[in-house]
Structures are given as C-alpha cells and as structure tokens.
There are 2 protein chains.
Amino acid sequence: NREITTRLAEENTEKAKFWWDCYRRLIQMYSEVVLGVSASAFDQILTNWKARDGVKNDSELSVKTLQSIVHDFEASVQAHGKTFPQDPWAQLTAAIEAVFRSWNTDRAIHYRKLNNIPEDWGTAVTVQSMVFGNLNENSATGVVFTRNPSTGENKIYGEYLLNAQGEDVVAGIRTPKDIQNLKKDLAKSCKQLVLVLEKLEKHFGEVQDVEFTIEDGRLFILQTRTAKRTAAATIEHFLQFVKEKKLKPERALQKIEYEQVKQLLHPTLKVTEQKPMARGLPASPGAVAGKAVFDPESAVIISRSGQKVILVRRDTSPEDIMGMAVSEGILTSTGGMTSHAAVVGRGMGKSCVVGCTEISVNETLKRASANGQSFSEGDWITLNGSTGEVYLGELPTAPVTWGKTAQMVFSWADKIAKIPVYANADTPEQARLAIELGAKGIGLCRTEHMFFDKERIKKFRLMILSENEVDRKKAAESLRTFQREDFVGIFKAMKNLSVCVRLLDPPLHEFLPKSENKEEIQILTGELKISESKLLLRIQQLHETNPMLGHRGSRLGITFPEIYEMQVRALAESLYRSIADKNPVVLKIMLPVIFSELELKVLLLNLKKAFYEQLNELTKDRPNLLKACEKAVKWGTMIELPRACIVSKKIAPLVDFFSFGTNDLTQTTLGISRDDASKFIPDYREQGILSVDPFETLDQDGVGKLIELSVTEGRKANPNLDIGICGEHGGDPESVQFFRKLGFDSVSCSPFRVPMARLAVARAELDGLKF
Amino acid sequence: NREITTRLAEENTEKAKFWWDCYRRLIQMYSEVVLGVSASAFDQILTNWKARDGVKNDSELSVKTLQSIVHDFEASVQAHGKTFPQDPWAQLTAAIEAVFRSWNTDRAIHYRKLNNIPEDWGTAVTVQSMVFGNLNENSATGVVFTRNPSTGENKIYGEYLLNAQGEDVVAGIRTPKDIQNLKKDLAKSCKQLVLVLEKLEKHFGEVQDVEFTIEDGRLFILQTRTAKRTAAATIEHFLQFVKEKKLKPERALQKIEYEQVKQLLHPTLKVTEQKPMARGLPASPGAVAGKAVFDPESAVIISRSGQKVILVRRDTSPEDIMGMAVSEGILTSTGGMTSHAAVVGRGMGKSCVVGCTEISVNETLKRASANGQSFSEGDWITLNGSTGEVYLGELPTAPVTWGKTAQMVFSWADKIAKIPVYANADTPEQARLAIELGAKGIGLCRTEHMFFDKERIKKFRLMILSENEVDRKKAAESLRTFQREDFVGIFKAMKNLSVCVRLLDPPLHEFLPKSENKEEIQILTGELKISESKLLLRIQQLHETNPMLGHRGSRLGITFPEIYEMQVRALAESLYRSIADKNPVVLKIMLPVIFSELELKVLLLNLKKAFYEQLNELTKDRPNLLKACEKAVKWGTMIELPRACIVSKKIAPLVDFFSFGTNDLTQTTLGISRDDASKFIPDYREQGILSVDPFETLDQDGVGKLIELSVTEGRKANPNLDIGICGEHGGDPESVQFFRKLGFDSVSCSPFRVPMARLAVARAELDGLKF
C-alpha cells in the first residue's frame, strides 16, 4: 500500500492509472486469499468513492480519489483486525502460505475426492515476476491451444486481448479476439508465439493449453499445461501425433484417460447454466432427457407412442426390466454403483443415476421432489449418467462420438494386449453391440433375463408354481423352445467366437410379483388359473430374508433339477444348430453360486447326462458332427463365494474353466449387500475408511487375496484351467491390471465398458515401460 | 421245510408241537427278510386252517393240519416265484446276505443320517447256533440290565419268561416276570447269571443290556451291549463306576454321549404311542406343552393369566421377542438351526422347533395345518425340541435332571480342560443360569435385546427417527440409564469373572414395525407424536434388501456415532460401579461386523475417547480406582466376515482380543443365509453334498481355513492376542475340539450348551488318550 501510495503521488496521471489498475487487480485477490478479508470490502469502498465523485468507470477517478481509496482500504483491513504487510518479502511469504493453505479448502478436498487424487500429494507454488499485458497497445494477453480442443482439428485455437491483463480475457467485459487475428495486430510476437507453441507441444508430446502475455512487444509464456479436450478431440490428436511420428502408439495408449473413453461411448450434456436439481451416483454414463415415469407399466405404455421416458423408482427389481428396456435412462433414490438398477442399466447401455438420496420418490403419487423442486409423471427431466446429475426439463445433449478414429486407436491396444476382452451380453442385440465395441466373445450370457418376455414369464411362473416334479418338468420343457431361439440368435452373432452361458441364477421369487401388489396378483390368478390363496402361499414360501444368500444359483439346480436340465438341453440343440450351419461357436456352460466340490459333482453328472443325451439324439447318423460338438463345449463354474476360493483345488479338477463373479465375491467377503451399501459407503469414503468403492474397483487386499489363492490352487490342481472374470470389475482399469498380473486368460464386462477394458489389458502389458 | 415235515411226521405230538413252534417263529422272519415274501402270507394260511378246523390257538391244531400248513406255505412261496432253499448252508448264506442287504434299507439309511453314522462303515453278521428257552419248564429267556437304566440304581433290572423264546418277552402276549423272581424259579442259573453279568460289566466298563436263554437248566448269553439309559441314569452309573474304581474319571468323560447331556438339561417327552403331527428341525431342546398362539401380543395376554403358551409363527423377528419370552416353546415353519427363532429361543432356553415346512401357518386366521391335521389359537400342542417333533394335544413330560451327580461329573471335566467355557448371556437371569451350568464368564452379551422393553423401545425408536445428530444424541443419552442398569445387574452376577459386551449389532429397521403392520404403525404415530407419512418414509429408508449384509454392526457406529458412544459411556459407569463396590469384573468391549483395520481404528479412537472421558470424570479424586478400571477393560473385535480373517494381521495389533462370530462367518463364507437355508439344506443333506448342517458343526474345510489363517496371522502380529468364539458352534463338541486345536483361549455358547462345551474342551485334551 505504501508503494502504491508513493507511485500514485509521484507518477504522471497515465502511469498512475496503470499502477492503479495493477494494484486493484492484485489487492482484490490478495485481500481475500492472503488476509482473509473479503474482496467485497474493497469493492464497496470503490463504489462509495465513485458515487461521491459521480463517475461511472474507475478510469474517471482522480489520482487523489485513488489515494483516498487506498487509504480507506488500509483502514478497513485494520478494522478487520488484520495488518497489510508492507515488506514485499512478507507479502510474498504470506501469499505462498495462502497457496499451501488452499490445499485444504473444502472445494479442493471435494475435487480431489471426485478425481481420486490422494490427500498426501500436497501442492507446489510457482513464483513469477509480474509482466504487464496492459502496459500499452503494443501489449496483449491471451490463452491458446496448440490444436483445436473441441473438434480435434490441427490448427492453433484461442483468444487474446490487446492492452489487457489475463483475467480480462475470461471476465467477459471486453470481447476477446480470435487468435488468428494476432498476426495482424502483433506480427512479430505472433510468429514467436507459433514457434514456442510448436516447441512446447513437441517437448510435452501433448496438445498444450498456454497462457501468454506480450509486454510492450516482448512475449512471455505464463503457463502451459496439457489441454483439456473433448474425448473425440483427444483421440483425434493422438492419431495425428502418431501419424506425425511425435508419439508412439504405445505411449498414446498410456496417455488416454479412462474417463474420456466413457465419453466416447455416450451422449454428453452440452454446457449449461442450469443447476442440477439433485446429485446421485453416476452408475451408467450418458446424458439423456425424457418424460418421468414412476412404474414400468407406464414406461411401456408411454414409450409405445414414441415418447422418450425416464424411469424413476426408489429402486428397481427384475420386475422392472421391461420398463427399463424401453426407457432412455433410469433414476433411483436408493442403491449403489452395483445395485440392480446400475448393473442392469449398464448392461442395457442405459444412462443411469442411482442412490440419489436427495430425491424423495413417491411411486404412489407418481411424484418426486428434492431441494424444494419437484416433478410428476410426464414432466421432462434430464439425467447425466456420467456425473450423477439430475436436471429438471429437457437439456440439449451432444451425440456419441465412437467412430473410425476411436476404432483405429483401440486397435493398437488389441495388438499389444495378451488376453481378450469379452462382453456380458444376454441378447443378440447386445452381442452385436459388443462386437462393434471390440469384444472377442461373450464372457457372461445371463439366462434369467430371457424369461421376462410376456409370454415366457407366464410359462416360467407356471413352472415356479408347479407342485410336483412332473408338472414342473412339463412347464420347464415348454420354455425350451424359447431358450433355444435366444441361444441360436446369440450364437449367430458370435460366429467363431466363444459364448459363456450361465445357468439360471436369481432366486425364484424374483419372477413373481410382491404380495402387496394386489393388482398384479389378481391379473396373475386369472392368467394362470390358480387360486389367490395358493399364489400368495407360494410367494410367501419363496420369500427370502437375504435373497443374496438364499435359494439361488446352483442351489436351484440341486432342488429343482428340471430347470437346469431344460437349459442344457436347449444349449445342446443350439450348439448343434450352430455347428451344423457352419456358424460354429465355442460354448462354455457355467454353473453359478457353487460352494463345494460335491455340489458341483452332483450337478455336472446330471447336466452332462442330459446334454450328451440330447446331443446324441440330434447327431444319431452324423458322428463327425457329434465329435465337433463335443470339442466345442466346455464346462465351468463361477467362483463367487469365499468358500469356492478356499476349496479351489478340489473344484478345479472337475471343470474346464473358472470365471470369477467379483460382484458377489465382494458382497460376501466384505459382508456388504450392494443394494444396501449406499446407506453407509458414503460415510466410509468421507471418513477415509474406503478410498474407492469396492464394487467399482476390486478390493485387492481382501477379495484380491481370495482370488489369488483360488487361482494359485486351482492352476496347481488343473494346469489347463481357463480363468476369467465376469463381474463389474472386468471393466475397471485398475482391477483389470490386477487380474492380468494374476495370469487371467480373459476379462469380461458390459458392452459399453469393453473399449475401456481393451485399453486396460493393453496397459497391463505396457505398465512400467517408457516410450 | 423238508426237515420240519420229517420231524412232524416222526416225533411224538408234544415234541412235534415244539418243533412246530420253532418253525413258525423262524419262518415268519425268514420268509420276509430272506425270501422277500410277506410274513402275512404265512399268517393267512395259518388263519385259514384254524378256521377250517374250528380252533382258536395254534396248539389245538393237529399234527396233520400242521403238515398241510407247511405244504401250503411252500406252494405259496413258489407261487411268488421264489424257492425255499432246502440245503441248510444255502439257507444260512441267504440269511447272511439278507442281513448285509438290510444295511441299505430306507429305514437303516434314515437311522444313520439321524445319528451321523457314516455310510461306509458297513455291518457285520454274527452266526449263532439256536438254543431253546421254550424247551421245558426248566428253560427260560429274558433281558436284563446290570444296573437300573431308568433311575441309575445299582441293582440288576430286567424281565424273563419261563418256557419261552426271546420275542415272547417283548410281544406282550404273556406278561414277563421281574428278574428278582428268577432266584426262586431257577436258583442255580440265576446265580450263574449274576456272576456273568458282573464279569461282563467289568470287562466292558459299562452297564450292560444282556439277552439270555436258559435251555433245560443251562445258561446261554445271546447278546450283550452297552445299556441305553436315561441321561440321568448314565451319569449316575459313571459316578458309581468311578467310585468303585472300575473307571477313571477321564475315561468316563470320554464315554458320555453329547446327546445325553442335552437330556440332562431339558424336560423330555414321556414315551407315547401318539404319532407326531409334523417334524421340523430340533433347534432348542426340551419337551413342552402349551396352548398355541399365533402372534406375540396374544402370547403376552394369554400367558398373563397363568396359561402356558407356545408361539407359532412363520418365522420370528426381534419384534416377537416379548412374545417369545413368555412362551414355553416356539414353533416356526421356516428358518434353519440358527434362524432368529432358533438362536434367540436357545438363548432363552426355550424349547424350539423351526423350519417345520410340513406345517402351513396362517397367522391371520390363527390356524396351522399339516398332514390333514390342524390346530387353532388356544388348542394344546406339544413340542419336542430335542427331536423336532410336533404333537397335537398335551403330552406328559419328564422334568429336568441336572443335579448334584451331573455337577460332580462335569467338575471332572473342568479339572482336565485347559480353557474356560463362557456363556452367551444378555440379562442378569441368563448370567445366573450360566454360572449354575458352569460357565466361567460371559463370552457374548448382546446389547440389542436390552432395548425391547416397552419403555425402552419407545426411546430407541425416537432415536432412530431423529433427523439430526443433536436429536439423536439426546435420544441416545436417554437410553444410557437403562443400559447402565442392565450392565450393573449382569456385572453383579459375574463377580470376579469376565464379561464381553458386544455393541449394538442388528440393522435399525429391526426395531421398527413393518410398514404392512398398519395397527402398530398407528399406535406408534400417536406414541411418538410423529406423522404417519414421516414414519413410513423412515421405515422405507431403513428397509434392507439383504439385512444380513446391510447397515449393521460397526457400520452403525460409523454412521451414527452417538449410539456406540452412549453404550461405552454406560459401560464405563458400570465398570466403575463394579470396581468401586468391590464386585470387580473384567470388561471386554467388542465391536461387531468389522471388515477393515481403518474402520476399527476410527471407531476405537472415538469410543476410547468417550469411555476414558467418562471414567476420568467418575474417578476424579480417586486415581487408584481409575487405575483399577483401566486395568479391567479390554477392547476387541468380532471376526465374522471373510475379509476380517484375511486382514487379521492388520487388525490384530489394534485390539486385545478376537472373538469369532462363526454364525455370520459361515453365512458369508458359504453365501448361505441361515434364515433361508431350510429351503435347500435338506436336499443338500439328502444328496450327500453336506454331511452335517454347517450352522451346527463348523465347516472345517471352508470356514475353518479362514479361521486358521486369521489365528495364525493375528497371533503373529500380536502375540498377546486373546482368541475366543461366540457363535453357535461354541456349543458344538466337534467344532469345540477344532477351536481348541487351533489354540483358542476360550469358547462361549448359550447357557444350556455350556455343560456340553465343558465336556468338549475336556475331551479336546483327552483326545487320543486311552485310560
């Protein structure tokens, strides 16, 4: 302050005004950040003086008034109990300390949490001497990208202002000029800038985002950093760099950010001023807008008329599947990143925001509200599944950008990767999508979703409601045709590739309505010609306290052998068809929820008998076909319970392959239900107990140890054992690298995560190498 | 047949009749067992001939008629397509084969399953030549016990018949005589018999059950075996044998059957002809009769008038606790050996039959039915919790026989055992019972049951329904007095012993009524002065898909720190009181459901702070008391999740003790919910996949491996670590031996299983030794 007071007194008016400008800019930041005195205190004083002098702009104030302002501000700082240090070194030290302090502001902590930046990194402070772009008309300041950060075009992109300081470019008071004009305004400096930009880009091997200032014709570079770009531009730039031999493909692959890969595959939200109404967990990426519906039936009805809908529920269950299938996106108020809504939504490629606890959903009144805002059925809402944000109204979105460039860049990854990436796909459509996104087979084909079609669910329910083996067998058999059709369709899409089919997994009650759902109960009694009391009794019998740990998976195969038998017979028929039609696949048949070798033995004995019986019948006069079919089938089990890991050496000799179901293995090892986790996982992350969500990134210290044991013992007991993973972690880069290190033979994930997994398996090979 | 035909033709009438009698007896057994021709075929022929000859008794038939009968029977056997072998060696071989075949009859298989006899043992055949107790009046046959098998009295006990064969004694046609009369009838043989009995008892070191026949004055011993006796008699006999120096105490302990120990502690059902109406799982032993009630409210009301009730439910939940407490026994149609009903019932010492799937319970109509029989509210039923049987009506029961003899015999065990047996006890009454049954401390004091009292549940619910930390803290604090009272009561009962208190474990929704329960919801809204919609919303928010893997245990401690803090403050106060009153205990504070060392660290930090703050305040002017209190408290964790086992080396250094919660560890390791297991575990046992119920006997190959890992790594990281077990397996002999082998420092189980565990820990030391 003393310095500026002196300068204001000594210099001529023009020079004084320049110093004043510098002072004003500095003081506003310094008072707030370093002294902790709000910048508005200064602004208030300034406003008061302007009013007193009857002027509108700072530039109209007299030097004397400026002096008074400086004086008033100093008094104000003192009134706040602070002192403005006069020694420049003290000022500098205080400023440096303020930067260090900024590491621990709420905003910084929040940012680090969002971006998984470790707490213990700390920050650095760069001290630069001041240069003045506002010195005269031979001065300028600007921001420039070495290539276009939006389209990817190889052309300098940016803005500048003559006779201005940095913040003027972004403040919006003056309109900055396109960088292409700089050549005309300041030719020499412009030429110099272009040379520097080229040098910087070459040095860093990345497109740069550079701040510069020209002080009286002399160019200063204030800052350079790798440019933040759209995913499409980033990928385009890598392709350019590789073509220009500025970058090796391997290095490019190491540089791609996984978050950007997500963007490539999903529509994004265009920049908006609108504040989100609420924020949930970003369970499945993509920005979508649609009309809110609160039950699957309405979703089906409204979408039928061509309208886009978003299904809003407290949580979803398999009953909601049809509604989910016709919706653009799904929003739930409960559930975590791997809740039913999240997993199924992701599988379907739907945008999905889950665990949005701020929103209270009233399904009866068909109304949801949060933070004083609300919407009802038919109102437009917009979800951003990539960030978890929920908006009222229909916001503009930008389309998918997965194109030729991306395909080319990802093909580099495939060349480097040592193991294939498979996809989890349950329908021919999903199988085709998986292929398009680069999957080399199907690692998990769930059979339960095949039963939710209207006609099938009826037959399936008849099977569940059967009271004896004979009726159940008959009902199961009536489903065989449908199963076969599905498999044949999927096999066609996967010609020459492998398809791993998991036999029925969920507990049977998931296929019946809840007993509270009076309406559906009534419809069902009519449809199935069954008394209401009998139906309710069966629902009651099938009810489970902990369905996750209940009567499901291979336990159904033990208690109701008819179901699995029907499934393997349909598989035998489909495999036969695929090979007879010269459209061969490798069929892997997988048993879920196994915990003991005896259980597996009993099941394999029965199922192989049924499978080969069916196969023999089909190939009666064609022994070569039989041989081909026999060669094309593998039997295996999911490893998804801690006990299965522990007894792997006994299980491994019975099968051809293991596939780790890391979702359930995480649930049981940690004792955490993924559907209920959202009630406490946020607190656990808040308090630093969990650094990542264990359902997103594999818990290597816990679950990982069990997997390691299982792999080691399994391989020892059966050296030919094929090992894969088909949980959600199959699409998580960090987890994929872990699996690769353990010597897995493949990973599988939902189709939209396939590109990410392709990148991750390549990175696992590149890890630690420098290019 | 040729032989008998000859004899009937040759001998005089009297002799012929004797041979006929022998033939008849033999042929009935032989035709059925060896030839597979029903004995009724022979009976029919006999009846026909008696009718033709107009006689009532066999003895009135002429020799000629007898010959015709033999002839007719031979023809009948041939008509069945069988041949009666005439060669005695062929007859013998066929008979021997029939015995071997009998190993695989349904009944034998069922028996072995019930008694855990391995399938691969096989059977042996003893061939004896025939002796004839029916030869003349100088002949006799009888069954005798060397000591009284019912009362234990040291006096020969048994029955005999003169001129008769073995089966006449049990057939009930002639009334056998008390063995005490034999001296008068056949003095010489009687003297001989007494000498033989003494020799046999001495040789086997066991009370014998002997079958004998006297043929014309000559004594033959047909069979001897260890006598099946009441539990009370068995124990009494062991005491006699040890006093008589016929048996070492160590050997006696090895001979006691665990099943009999159960009998000692619970009323048994007197012998009955009545067939059970249904059979479930024998979850908690003891025979009880009472009037059926179908809801906890009725249980409370009806029992208040002094009537005995049995609570019949589909399954029970914590809401039922008050009803369970006033009932004689509990019957549920679902749930396994460690379902809520089973665990709580056992803890309360209630007779309990669970998972009785044959019975269909209609709670609304207050009616249950099975196998064509049914009962309604107010009807008498009888449960045998030791066998799982359910009877209509009030059946007579025999009382508990745990007395001085048992106490003396079990005190031998305590001298041999190297580790103490603790009890799981939640109330002062249970604590006293535990001491009476020989517990050396409390290994698990659950705090949740303390909140179900009418006044407390109200305050607890207010706490749950609080919307912010301040209200919740206030509500929690209002519960502190109650908690303290409970702890003080328990500590008083456990003077000089250790008490391990587990902080709140179950998910909060267990403390609220279900949303369907309109009536209770309405009462609650009035009681708590809260709107119905708000209450329903909170219930909805707390609802869990898989409560077992949900928001419970230490997770509550992380998200709602006020609750645990209140609990440790109440513990500090109670410990202070116990030490100040010279009634000291060792207090162990235990955190449930831990899966990570960071979680434990955060909790211990907060809880120790609160605990010592409270302690410091209480002992302000008494530093010695503070020191004593500090010395008397240990901090520990339950190990009940696979991940906790895996990261034991990180957890162990943070605590003084581990206590394995093997119920939950079994649930998570095997992925089996104990509440839902009854739906498939029976099939798994039927098919030989599970040889025992893993919730009864520890799964050593799976869960056991995790425990072993945890113990090894835990001890390595903290050599002073105290290791115990407080799951249901703490009372299972086979499991207890396993724990002892792993070097556990204690086991804990429900009070009524303490004697069994005392025996088991002693046996673990005696194992393999011969006396």
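Placing +1 on the Cβ of every Lys and Arg and -1 on the Cβ of every Asp and Glu, with no other charges, gives the stretch B:214-365 a dipole of roughly 720 debye about its Cα centre.
For the stretch B:567-621, applying the loop criterion from DSSP together with a ceiling of 13 other beta carbons within 10 Å to the trypsin sites (Lys or Arg not before Pro) yields B:K582, B:K620. Tell me, what does the Kirkwood hydrodynamic radius of the protein assembly as shown come to in angstroms if you use every pair of distinct C-alpha atoms? Computed over Cα pairs of the protein assembly as shown, the Kirkwood hydrodynamic radius comes out at 38.7 Å. Toward the positive end of the charge dipole of chain B, with +1 on the Cβ of Lys and Arg and -1 on the Cβ of Asp and Glu, the farthest Cα among B:A95, B:L512, B:V261 is that of B:V261.
Express the C-alpha Rg of the stretch A:388-449 as a ratio against the empirical globular expectation 2.2 N^0.38 Å, rounded to two decimals. All intermediate terms of the calculation are to be shown ahead of the outcome.
Details: Rg = 15.9 Å, N = 62, 2.2 N^0.38 = 10.6 Å.
Against the compact-globule rule of thumb, the ratio is 1.50.
Starting from the stretch B:486-534, pick out the trypsin sites (Lys or Arg not before Pro) whose DSSP state is loop and whose Cβ has at most 14 other Cβ atoms within 10 Å.
Working: sites: B:K492, B:K495, B:R502, B:K514, B:K518, B:K529, B:K534; in loops: B:K495, B:K514, B:K529.
Those that pass, being in a loop and sparsely packed, are B:K495, B:K514, B:K529.
Once all protein chains are placed together, B:F18 keeps about 30 Å² accessible to a 1.4 angstrom probe.
Taking every protein chain into account, the 1.4 Å probe leaves A:M638 with about 10 Å² of accessible area, to the nearest ten. Relative to the longest principal axis of the Cα atoms of chain B, helix B:404-416 runs at roughly 70 degrees.
What number in nm² do you get for the stretch A:1-144 if you take the convex hull of its Cα atoms and divide its surface by four? Walk me through the numbers before you get to the answer.
Numbers: hull surface 45.0 nm².
The orientation-averaged projected area of the Cα hull of the stretch A:1-144 comes to 11.3 nm².
With respect to chain A, whose longest principal axis is taken over its alpha-carbon atoms, helix A:703-717 is tilted by about 40°. Residues in the stretch B:4-11 carry Karplus couplings, in order, of 5, 4, 4, 5, 4, 6, 8, 6 Hz; the curve used is 6.51 cos²θ - 1.76 cosθ + 1.60 with θ = phi - 60°, and Gly or Pro positions show x.
Here's the list of lysines a cross-link from A:K50 could span, going by alpha-carbon distance under 18 Å and ignoring same-chain residues fewer than 8 apart: A:K17, A:K64.
In this structure, the pairs whose alpha-carbon distance is over 20 Å, taken from A:K454/A:K495; B:K474/B:K601; B:K291/B:K350; A:K418/A:K440; B:K454/B:K529; A:K650/A:K705, are A:K454/A:K495; B:K474/B:K601.
A cut-off of 5 Å between modelled amide H atoms, ignoring neighbours fewer than 5 places along the same chain, links A:F294 with A:V312.
Each Cα pair under 8 Å and six or more residues apart adds its separation to the average, and for the stretch B:348-414 the resulting relative contact order is 24 percent.
For B:K199, the lysines whose Cα comes closer than 22 Å to its Cα, not counting residues fewer than 8 places off in the same chain, are B:K155, B:K183, B:K188, B:K191, B:K228, B:K243, B:K245, B:K246, B:K248, B:K255, B:K770. Modelled spin labels at A:Q540 and A:E60, positioned 7 Å past Cα toward Cβ, are 8.5 nm from each other. When the Cα convex hull of chain A is projected onto planes of every orientation, the mean area is 39.3 nm².
Less than 5 angstrom separates the built amide H of A:Q373 from none of the residues sequence-distant by 5 or more or on a different chain.
Computed from backbone phi, the HN-Hα couplings of the stretch B:196-203 come to 4, 4, 4, 5, 4, 4, 5, 4 Hz, rounded to whole numbers (Karplus: 6.51 cos²θ - 1.76 cosθ + 1.60, θ = phi - 60°; Gly and Pro given as x). Distances from A:E734 to itself in the other copies, using label points 7 Å out along the Cα-Cβ axis, amount to 4.3 nm in increasing order. Using a cutoff of 8 angstrom between alpha carbon atoms and counting only pairs six or more residues apart, the relative contact order for chain A works out to 10 percent. The mean count of C-beta atoms from other chains within 10 Å of the C-beta of residues in B:676-684, rounded to a whole number, is 6.
Its alpha carbons considered, the stretch A:27-66 gives a radius of gyration followed by a Dmax of 11.4, 32 Å. The angle separating the long axis of helix B:518-528 from the principal Cα axis of greatest extent in chain B is about 30 degrees. When the alpha-carbon atoms of the stretch A:648-694 are used, the pair Rg, Dmax equals 15.1, 45 angstrom. Could you let me know the centre-to-centre spacing of the stretch A:472-514 and the stretch B:260-335, using Cα atoms, in angstrom? For the stretch A:472-514 versus the stretch B:260-335, the Cα centre distance is 45 Å. When B:G688 is represented by a point 7 angstrom out along its Cα-to-C-beta vector, the spacings to that point in the other copies are 5.7 nm, nearest first. Applying the Karplus relation 6.51 cos²θ - 1.76 cosθ + 1.60 with θ = phi - 60° to the stretch B:142-154 yields 3J(HN,Hα) values of x, 10, 9, 9, 5, 9, 5, x, 9, 9, x, 3, 7 Hz, where x marks Gly and Pro. Using Cβ point charges alone (K and R +1, D and E -1), the dipole size of the protein assembly as shown about the Cα centre works out to roughly 2200 debye.
Under the definition of partner shielding as Cβ atoms of other protein chains within 10 Å of a residue Cβ, what is the mean value for peptide A:699-706?
Numbers: counts 5, 0, 6, 9, 3, 1, 6, 5.
Mean inter-chain Cβ contacts per residue within 10 Å come to 4.
Under the combined filter of DSSP loop state and at most 14 neighbouring Cβ atoms within 10 Å, the stretch A:506-588 retains these GluC sites (Glu not before Pro): A:E516. Lys/Arg Cβ at +1, Asp/Glu Cβ at -1, dipole of the stretch B:460-583 taken about the Cα centre: which of B:Y564, B:L537, B:A493 is farthest positive-ward? The listed residue farthest towards the positive side: B:A493.
Annotation for B:K248, label-to-label distances across the other copies: 7.6 nm (shortest first, one decimal, point 7 Å from Cα along Cα→Cβ). For B:L698, the residues 5 or more places off, or on other chains, whose built amide H falls under 5 Å of its own are B:S735.
Find which of B:N616, B:V125, B:L239 sits farthest along the positive direction of the dipole of chain B, computed with +1 on the beta-carbon of Lys and Arg, -1 on that of Asp and Glu, about the Cα centre. The Cα lying farthest towards the positive end belongs to B:N616.
Beta bridges assigned by DSSP with both partners in the protein assembly as shown are antiparallel in approximately 55 percent of cases. Relative contact order for the stretch A:1-132: 23 percent, from Cα pairs under 8 Å spaced at least 6 residues apart, divided by residue count.
Counting Lys and Arg as +1 and Asp and Glu as -1, each charge on the Cβ, what is the dipole of the stretch B:177-274 about the Cα centre in debye, to the nearest 20? Could the numbers behind the result be given before it?
Working: 19 positive and 15 negative charges, 78 e Å.
Dipole magnitude for the stretch B:177-274 comes out near 380 debye.
The values are calculated or read from the model by the stated rules, or taken from the named source; none is laboratory data. Keep in mind it's a predicted model, so treat the numbers as computed, not measured. Don't worry about glycine lacking a Cβ; one is built from the backbone with ideal geometry, like all the others, and counts go over all protein chains shown. Surface accessibility is based on the protein's heavy atoms, side chains included, excluding ligands, DNA and RNA. Shrake-Rupley method; radii C 1.70, N 1.55, O 1.52, S 1.80 Å.
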